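Heads up, the thing below is written out as structure tokens.
Throughout, read-outs are computed from the coordinates displayed, never taken from laboratory work. Owing to the predicted nature of the structure, the values given are computational and were not obtained by experimental measurement. Ideal geometry is used to build each Cβ from the backbone, glycine not excepted, and the neighbour counts take in all protein chains shown.
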Amino acid sequence: QVLVAGTADEAVRLAKRYQPSAVVLDVGLPDQSGLTVLDVLKRDNNTRHIPIHVVSGEDHSQTALSLGAIGYLVKPVKREDLVNVLKTLEEKLTRSVRRVLIVEDDLVQRDAVGRLLASGDVETVGVGTAAECLEQLKTQTFDCMVLDLTLPDASGFSLLETLSREGAYAFPPVIVYTGQDLSPDYEQQLRRYSSSIIIKGAKSPERLLDEVSLFLHQVVSELPPEQQKMIRQARNRDAVLEERRILIVEDDVRNVYSLTNVLEPRGAKIEIARNGKEALDALNTAAGDPSKRIDLVLMDVMMPVMDGLTATQEIRKDNRFKTLPVLMLTAKAMPDDQERCMAAGANDYMSKPLDVDKLLSLIRVWMPR
């Protein structure tokens, strides 16, 4: 049976009501980005297990895969490509036991991760070298791979390069789970191959379990109670927002207060500007200091001195901020609001009063990875 939705809101409503076996999702929906639909469904325990394959005219594959999509095709798509997508979804739905490959040279850590992830329908296989990993991937199928970067016979990065280059090996979704401090450049290199990057730390077991359950498409309510508790703990702070700096450009102090109260508890750092001119000053100041770099802007439209549309146009004229995500917040949903915001250079927009869950999804989708 097939359900068809033409808008983001309708897609979320139908998915929550009918719990479909799988979703094929476009990004360019008229009311909201399909990526926000992906994030909303993957953040809801009742729908996060549903495999979602994205088919879109634009390439946002890195974002989609890191949010939990099972695959990504860029239009135009041939009929046989769609048939293959449906076969992949069917395989996921008919396989009862999920298999995870753990690549970690420390035996104690390897056993600990194996015990953490194992449950009635999850089987783990542990190896200690890159060579053993390649041997397993040549002969067996895994739903997910947890990879430490420091291996005795090769770096984790060179192992990922080998998997992407040589077709003899299966290449499942990879979660890098490491204790190394990663430079931004090195992290960006890894993200070309890795679905997710988790840094080993005090809260990392909870995050690892949360990420693996997402990529295995597990139903959270069917997990052991201890694992459900750990996943809830992982959600309290948002990994995508952790230590990220968000500039709120808004002249109404009540809106600033409510946005700050939503974002700061989830790990974000907040900068505030009361109009477009102050926003440009804040960006110029931050551009000279890497430790104060602004990762994303929430821009109100109606403000004194300089409005949000003008400020966004000025931001886009500066090459330093060409890729800076700007999300516009409009006071009232007028038919031409979206066109005006996009024409000014915004990545996306949302009308007030703000729906907190939708706003968080929008921020997670556009936050640089």
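Report the residue, chosen from Arg48, Arg207, Arg235, that carries the largest GNM mean-square fluctuation when the chain is represented by alpha-carbon nodes joined by springs under 10 Å.
Fluctuation is largest for Arg235.
Compute the distribution of all C-alpha to C-alpha distances in segment 98-236, in bins of 5 Å from 0, and list the percent of pairs in each, rounded to whole numbers.
Here the calculated profile for segment 98-236 is 2, 10, 21, 24, 22, 12, 7, 2, 0.
Please report, in cubic angstrom per residue, the volume enclosed by the convex hull of the alpha-carbon atoms of segment 269-318.
Output value, Cα hull per residue: 70 Å³.
So which residue, out of Met350, Met328, Met303, gets the largest mean-square fluctuation from a GNM of the chain using Cα contacts under 10 Å as springs?
Of Met350, Met328, Met303, the Gaussian network model singles out Met303 as fluctuating most.
For labels at Arg316 and Val74 in the simple 7 Å Cα→Cβ model, what's the distance in nm?
So the two model labels end up 2.1 nm from each other.
Project the alpha carbons of segment 5-78 onto their principal axes and report the range along each, largest first, in whole Å.
Rounded to whole Å, the extents work out to 30, 23, 20 Å.
Nearest 500 deg cm²/dmol is fine: what mean residue ellipticity at 222 nm does the chain get from its DSSP H runs of n ≥ 4 alone, each adding -39,500 (n - 2.57), divided by its residue count?
Computed ellipticity for the chain at 222 nm equals -13000 deg cm²/dmol.
For the ranges 320-326, 306-312, what's the packing order if you count other beta-carbon atoms within 10 Å of each residue, average per peptide, and put the highest first?
306-312, 320-326
How much space per residue, in cubic angstrom, does the convex hull of the C-alpha atoms of the chain take up? Can you show the working numbers first?
Details: hull volume 55.5 nm³, N = 369.
Value for the chain: 150 Å³ per residue.
Regarding segment 245-366, what is the average projected area of its C-alpha convex hull, in nm²?
Mean orientational projected area (segment 245-366, Cα hull): 6.9 nm².
Name the residue, out of Tyr18, Tyr72, Tyr193, whose mean-square fluctuation peaks in a Gaussian network model built on the chain with Cα pairs under 10 Å.
Tyr18
Return the percentage of antiparallel bridges among DSSP beta bridges fully within the chain, rounded to the nearest 5 %. Numbers along the way, then the final one.
Numbers: 3 of 44 bridges.
Counting DSSP beta bridges with both partners in the chain, the antiparallel share is about 5 percent.
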